Amino acid sequence: LRLAALCRAASTPLLFVLIGAVPLLVTVGGHHLIDWNPAGPAAAARLTGRAIAAVLCLLLFAATTPLADVLPRLSFLGIPPVVTEIAALIYRMLFLLLDTARSVREAQAARLGFRTWRTTYRSLGAQGAAIFVRAFDRARRMEEGLALRGYDGSLRVSVEPCRISPGFVVLSVLLLILVIASTYTIRALL
């Protein structure tokens with residue numbers, strides 16, 4: 001079940017990576033308009049391997065680290081508080097808008113709003129308008145709520161200190177050393 005969820009989450013970015021690697025297989029110009037690039041498969045494999053590793057690392061981070069824990073700690077890295085506050089508000093609004101879109105779509109489907117192409121286009125237009133109006137209203141209410149709470153330009157949140165596991169740190173370092181050593185070994189063999 002978890003492997004299926006990983007495949008579903010990674011399918012779109014990996015499809016994008018594969019499509020992006022295809023141009024490396026050919027050259028444009030020369031004797032023929034498009035010709036096979038002999039160095040293309042190696043370059044495409046390198047690009048695909050790195051991109052797959054990056055996508056999987058990003059999915060691991062996204063699946064294991066709550067954004068509510070990450071955003072307040074970004075100020076320790078020197079990121080301005082305004083940026084983290086905007087990211088937190090966008091994150092919160094995103095799920096509210098997705099929920100609104102789902103409920104509007106269900107209501108339109110219950111009213112047979114997707115029977116024909118004409119009704120589908122009309123329903124999609126009405127759905128976009130309803131989402132815009134509701135998002136604007138929620139943003140206005142959020143602004144009023146912040147003003148009533150005495151918002152002075154920064155949202156203060158309490159951040160619990162995170163406990164560092166020495167065993168996890170040691171295993172992580174060993175895993176990184178193993179990955180680096182295997183990478184250099186594979187490069188030396190090729």
ask   = Under a no-solvent Debye model with one identical scatterer per Cα of segment 101-147, what's log10 I(q)/I(0) at q = 0.15, 0.20, 0.30 Å⁻¹?
value = -0.46, -0.64, -1.01
task = For the chain, divide the Cα radius of gyration by the Kirkwood radius and give the resulting Rg/Rh value with two decimals.
result = 1.09
Percent of Cα pairs exceeding the 20 Å cut-off, where the set is segment 1-72 = 48
Whole-angstrom Cα spans of segment 69-146 along principal axes, big to small = 54, 24, 16
note = Expressed to one decimal in nm², the mean projection of the alpha carbon convex hull of segment 18-126 is 13.2
query = Based on DSSP H assignment, which helices of the chain show an axial Cα extent of at least 15 Å together with a mean Kyte-Doolittle hydropathy greater than or equal to 0.5?
reply = 2-21, 40-64, 81-110, 166-189
request  = Compare 89, 33, 146 in a GNM of the chain, Cα atoms joined below 10 Å, and give the one with the largest fluctuation.
outcome  = 33
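Taking the Cβ-Cβ separation of residue 141 and residue 175 as r and a Förster radius of 41 Å, what is the calculated FRET efficiency to the nearest 0.05?
Numbers: r = 46 Å, r/R0 = 1.13.
Step by step, r from the Cβ atoms, then E = 0.30.
Rounded to the nearest 0.05, what FRET efficiency is calculated for residue 92 and residue 33 with R0 set to 45 Å and r the Cβ-Cβ distance?
0.35
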message = Compute the distance from the alpha-carbon center of segment 1-55 to that of segment 115-154, in whole Å.
response = 38
inquiry  = Quick one: the Cα spread of segment 50-105 along its three principal axes, in angstroms, biggest first?
reply    = 39, 32, 17
task = For segment 112-190, just the Cα atoms, rotate onto the principal axes and tell me the three extents in Å, largest first.
result = 60, 48, 21
request  = Could you estimate the translational diffusion coefficient of segment 129-173 from the Stokes-Einstein equation, with Rh from the Kirkwood formula over C-alpha pairs, at 10 °C and 1.306 mPa s, in whole µm²/s?
outcome  = 109
request  = Would you work out what percent of the accessible area of the chain, with all protein chains in place, is carbon or sulfur (probe 1.4 Å)?
outcome  = 71
query = Ignoring ligands, DNA and RNA, what accessible area per residue does the chain give at 1.4 Å, in Å²?
reply = 81
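The values are calculated or read from the model by the stated rules, or taken from the named source; none is laboratory data. Predicted model, so just to flag it, every value in this text is computed and none were measured. Cβ atoms come from the backbone with ideal geometry, glycine included; neighbour counts cover every protein chain shown. Just the protein is used for accessible areas: all its heavy atoms, side chains included, with ligands, DNA and RNA removed. Shrake-Rupley method; radii C 1.70, N 1.55, O 1.52, S 1.80 Å.
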